[in-house]
Amino acid sequence: MNFNAWLLGKFFPTGSYSRKRVGDLEALVSIIGNVVLFLVKLVFGISLGSVALVAEAFHSLSDVFTSVVVLLGFKWGDKPADQEHPFGHGRMEQIATFAIALVLFLAVYELGSDSIRRIMRPVVVEWNLWVVFFMVASSIFKEWMARFSIFLGKKIDSDVLIADAWHHRSDSIASLLVGLGLIAVRFGVYALDGILGLGVVVLIAWVGVELVGSSVSFLIGKAPSREFMEEIKKVVLSTPGVLDFHDTLVHDYQNQKVISLHIEVKEDLSVREAHQIALLVQDRLKEKLGDSKVSVHVDPRGERED
């Protein structure tokens, strides 16, 4: 058992957890970790006059805000279905992902402006070996946060947790860049501080673009993964009485999937027998795929609707 699995077991000793509770756990760990990193980086950055280190501090702070958005996304997404939203509110997670990207673009503008000014007018900053050690330690810690978020994201198939993980990972890479910039200061290369500050900005912008693309793709109806469709195929074709299937449709609402498909059965079966096969397919798909609504239409062998 690895550390992430062990930690998850500590929070959920019975092994039973909901999608919302896992999302809340990731957000809580991210918020606490990033608040600590923000405060320490800000103090060191101001004391050294390092724009790259200050940029890193606010990058960590932006991760706090995005983790709060993640928290709210899971809270709102967990609301039950109602008359206006018969399939629930699960897609709020993707709207939260889109909101995270907008916050990042604001940070890109502010931090980019500061870095360009520092490149145009380099400022002498104080060399401090302890800060370099801290940035390396910060990078290692942020990489762990990224892996923990990915671990939880895969557990519940959550794009927003994977997106938050990339925030952590970009911060990890950026921390290493800042550490390199401080080493350059030791040799009098002061302009490198602003250049690496721009490197941090590029990383933030790249994450923002990725988040926009993933959230918009999901909201307009992203196709299910090949692995998911293969799972459907295995279940359906292994069901006794099913000869083949076609016209499979999958609508993903994040907290559940709505699946409809046509199965082919022998044409000499009675209506009751064919119906029982359809019910068996539905039950087996729900058991295998978790939170899903399944609708199965029966076609006699050789008859397909155009």
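The values are calculated or read from the model by the stated rules, or taken from the named source; none is laboratory data. Note that the coordinates shown come from a computational prediction; the quantities given were computed from them, not determined experimentally. Every residue, glycine among them, receives a Cβ derived from its backbone with ideal geometry; neighbour counts consider all protein chains shown.
If we scan segment 184-199, do we find a residue that is under 23 Å from Gly213 (Cβ atoms), assigned by TED's automatic domain parsing to the domain that holds Ile119 and assigned to a helix (DSSP H, G or I)? Outline the logic, then answer.
Our first condition is that a residue be under 23 Å from Gly213 (Cβ atoms); within segment 184-199, this holds for 198-199.
So of that shortlist, the ones also assigned by TED's automatic domain parsing to the domain that holds Ile119 come out as 198-199.
Still in the list and also assigned to a helix (DSSP H, G or I): 198-199.
Taking every residue of segment 184-199 in turn, at least one turns out to be under 23 Å from Gly213 (Cβ atoms), assigned by TED's automatic domain parsing to the domain that holds Ile119 and assigned to a helix (DSSP H, G or I).
Given the criterion over 22 Å from Ser62 (Cα atoms) and either of a type in the set (Asp, Glu) or touching a Leu at 6+ places or on another chain (Cβ under 6 Å) (or both), identify the matching residue among Asp157, Asp171, Asp114, Asp164.
Answer to the check: Asp157.
Among (1) closer than 17 Å to Ile100 by Cα; (2) buried (at least 16 other Cβ atoms within 10 Å of the Cβ); (3) at pLDDT 80 or above, which single condition is Thr66 missing?
So the condition that Thr66 fails would be (3).
Could you list, in sequence order, the residues of segment 242-262 that are assigned to a loop (DSSP other than H, G, I, E, B) and touching a residue at least 40 places away in the same chain (Cβ under 8 Å)?
Leu243, Tyr253, Gln254, Asn255, Gln256
Does Leu203 satisfy being without any contact (Cβ under 8 Å) to a residue 40 or more places away in the chain, assigned by TED's automatic domain parsing to the domain that holds Gly77, over 28 Å from Asp164 (Cα atoms) and crowded, with 18+ Cβ neighbours inside 10 Å?
Judged against the criteria, Leu203 is not a match.
Which pairs have Cβ atoms under 6 Å, sit 6 or more apart or on different chains, and link a residue in segment 213-241 that is farther than 15 Å from Val258 by Cα to one that is outside any helix (DSSP H, G or I) and at pLDDT below 95?
As it stands, the answer is Val236/Val242; Val236/Phe245; Gly241/Val265, since those pairs meet every condition given.
I need a count of the residues in segment 6-60 that are part of a helix (DSSP H, G or I) and either not small (Gly, Ala, Ser) or not assigned by TED's automatic domain parsing to the domain that holds Ala184 (or both).
35
Quick check on segment 115-128. Is at least one of its residues closer than 27 Å to Trp166 by Cα, surrounded by fewer than 17 Cβ atoms within 10 Å (Cβ to Cβ) and either without any contact (Cβ under 8 Å) to a residue 40 or more places away in the chain or not assigned by TED's automatic domain parsing to the domain that holds Val22 (or both)?
No, that holds for no residue.
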